[in-house]
Amino acid sequence: MNSHVQLPPVEAAIIDLKARFGTAALTGESIRDLHARDESHHHGQRPDVVVYPKTTQEVADLVAIATRHQVPVVAFGAGSGLEGGAIPVAGGISVDLSGLDAIFEIRADDMIARVGAGVRRLDLNTALRDTGLFFPVDPGANASIGGMVSTGASGTNAVRFGVMRENVLGLTVVTAGGRIVRTGSLARKSSSGYDLTRLFVGAEGTLGVVTEVILRLHPIPEARSAHAGFATLAGAVNAVTDIKRAGLSIGRVELLDQPLVEVVNRHGEMRLEPLPTLFFEFHGATDDIRSLSGTVGEIVAANGGTELTWTAPGSETQTLWTTRRDCLAWAKAERQGAHSWPSDVCVPISRLADVILETREDVAGSDIPAYIVGHVGDGNFHCVFMLRDNEEAEVADYADRIVMRALAAGGTASGEHGVGLGKRKFLITEHGADAVALMHQLKAALDPLGIFNPGKILPDPAPSDLINTPGRTD
Ligand SMILES: Cc1cc2nc3c(=O)[nH]c(=O)nc-3n(C[C@H](O)[C@H](O)[C@H](O)COP(=O)(O)OP(=O)(O)OC[C@H]3O[C@@H](n4cnc5c(N)ncnc54)[C@H](O)[C@@H]3O)c2cc1C
């Protein structure tokens, strides 16, 4: 029961939160501003209060208070999301998970780590340095592990090591009413019961707050890196498709289109032929890499590519991968007052070249700079627009067309950034009304009051006629 019946629910909740969390429950404007937005193009919205819990039990207490007063609970990891997932569009409580930053266990023999949701991925890899192991999922930002779980993140390493779904073995989640649920186990696989772990991976905080994560670790591979330019964008993409079809295992393969390579040449340390370019990483012992890269080199040449240019181990190789990381920031800096809008789609690899080329053709007529970059080994690419505020409507049209193109090719509206705010409108087109109705049913079962991150993922309003379909007898 609400004990502050005369107050609006959120104000009553703030009183209870301050009583429970003291100075870890904050209502100052600057702290609310910090939690009003993420790194996306979506407009911010302040939460009413920001709370910094330190333990799973504290998150459970917070959710119990939110439940009592029926106010929204929006998890905030590192705020690096690109689809507005952490924006509290209905106000309420922003739960900043940064205090859950303990690395509880590193079980090197089992190649497993158990960490708090607030641990940043780079900090985890620093802690793992002496074990010979690493956690491979690498979104460009130094995201929190809980945020990466919740967006189903991936990155340049996914083509070899998989995405979050493949690298999360178990979770601790605070669910409706403050109930603490543990999913999964320390085993590397399981066929026991419904797979609750994967239900929460990619749920963007709409089903509960993740507080602990059991992760798969991998041995740090021996690696060599190289790059190759291509006469055409189609050649670069087709080379990747051919490499995949040949069953060759690549550590990483990343595409930069020609405009982005020109940006690199203007700002970075690397000097590249101004051509669509692939960055490669090969894994294995020296002989294995020699044989693998020989075959890859032949495929590259057959698709109009240059010879592979190898980078020396150490700083030159590091420069190649920091160039990949930083090139879009350089492109943004070239246009005064610009911010970026990265589209993110994933298609079957056989359709990748078509979809990328159609996208390039579509944006060619615009004055807004747009760059294509991608984890193309997975069929995942981004067309990143550097736009000014008055150009949002134009970019929204391009971005929508990119998604529709990907869906028509049998792909998905989001390969790795999630649905958040911007992609909700595509959910029914992608999954069908019946599947979306089932998602609404799951949401209603796990979050009956609708307090976990309202306004995200699921289209609004719910297709209520379909929600009732499975139980109908008429
Ligand atoms: C420069 C740059 C490059 C990027 N490159 C990539 C890339 O290559 N691949 C990729 O996948 N992403 C990429 N991203 C996007 C971003 O880093 C990922 O989406 C990341 O997983 C978000 O983590 P976060 O901790 O910042 O989460 P936030 O932005 O804080 O939150 C993201 C979503 O998860 C929810 N959430 C956060 N923590 C929890 C929790 N503990 N429990 C429940 N829900 C939670 C939030 O409510 C929100 O819905 C990039 C971002 C930037 C800025």
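Here each label is just a point 7 Å from Cα along the line to Cβ, and for residue 408 and residue 431 those points are 2.4 nm apart.
Across the range 101-219, C-alpha contacts under 8 Å between residues 6 or more apart give a mean separation that, scaled by the residue count, equals a relative contact order of 32 percent. Residue 400 contributes an accessible area of around 40 Å² to the protein surface, as traced by a 1.4 Å probe with all chains present. According to the square roots a ≥ b ≥ c of the eigenvalues of the Cα gyration tensor, what is the shape class of the range 223-408, taking rounded for a/c under 1.5, prolate for a/b larger than b/c otherwise, and oblate for the remainder? Oblate, since a/c reaches 1.5 and b/c is not below a/b. Placing dummy labels 7 Å off each Cα toward the beta-carbon, the span from residue 180 to residue 23 is 2.6 nm.
Counting only Cβ charges, +1 for Lys and Arg and -1 for Asp and Glu, the dipole size of the range 315-474 around its Cα centre is about 300 debye.
An ellipsoid equivalent to the range 9-98, defined through the eigenvalues of its Cα gyration tensor, has semi-axes of 21, 13, 11 Å when rounded to whole angstrom and sorted largest first. Separation of the range 87-165 and the range 186-248, taken as the distance between their Cα centroids, equals 14 angstrom. Spread over its residues, the convex hull of the C-alpha atoms of the range 332-474 is 141 Å³ per residue. Please report how far the C-alpha centroid of the range 252-330 lies from that of the range 433-453, rounded to the nearest whole angstrom. The range 252-330 and the range 433-453 have Cα centres spaced 44 Å from each other. Rounded to the nearest 0.05, what FRET efficiency is calculated for residue 190 and residue 318 with R0 set to 22 Å and r the Cβ-Cβ distance? Step by step, r from the Cβ atoms, then E = 0.05.
Take residue 424: with every protein chain present and a 1.4 Å probe, its accessible area is about 50 Å². Note: relative contact order over the chain, using C-alpha pairs below 8 Å and six or more positions apart, is 15 percent. Accessible surface for residue 429 stands near 80 Å², nearest 10, in the context of the full protein assembly shown (1.4 Å probe). With the convex hull drawn over the C-alpha atoms of the range 101-219, the volume per residue is 96 Å³.
A simple spin-label model places the labels of residue 265 and residue 336 2.6 nm from each other, with each point 7 Å out along Cα-to-Cβ. For the range 101-219, the fraction of 1.4 Å probe accessible surface lying on carbon and sulfur atoms is 48 percent.
Computed extension length for residue 102-residue 307: 69.2 nm, one decimal, from 0.36 nm per residue of separation with the Cα-Cα distance subtracted.
Averaged per residue, the range 9-98 has 38 square angstrom of accessible surface, using a 1.4 angstrom probe with ligands and nucleic acids left out.
Mind listing P(r) for the chain? All alpha-carbon pairs, 10 Å bins, whole percents. Histogramming the chain at 10 Å steps yields 4, 19, 29, 26, 16, 5, 1, 0 percent. Shown is the FRET efficiency for residue 123 and residue 326, computed with R0 = 25 Å from the Cβ-Cβ distance and rounded to the nearest 0.05: 0.80. The angle separating the long axis of helix 392-408 from the principal Cα axis of greatest extent in the chain is about 80 degrees. Considering only alpha-carbon pairs that sit under 8 angstrom and 6 or more positions apart, the relative contact order computed for the range 9-98 is 36 percent. Checking the table 332/443; 332/423; 54/332; 18/423 against a 29 Å threshold on Cα-Cα, which pairs fail? Pairs exceeding 29 Å: 332/443; 54/332; 18/423. Rolling a 1.4 Å probe over the heavy atoms of the protein chains gives the range 223-408 an accessible area of 41 Å² per residue. What you get for the chain, charging only the Cβ of Lys and Arg (+1) and of Asp and Glu (-1), is a dipole of about 1040 debye around the Cα centre.
The values are calculated or read from the model by the stated rules, or taken from the named source; none is laboratory data. As the structure is a prediction and not an experimental result, all values here were calculated from the model. Glycine gets a Cβ as well: all are built from the backbone with ideal geometry, and neighbour counts include every protein chain shown. Side chains are part of the model used for accessible areas, which takes the heavy atoms of the whole protein and leaves out ligands, DNA and RNA. Shrake-Rupley method; radii C 1.70, N 1.55, O 1.52, S 1.80 Å.
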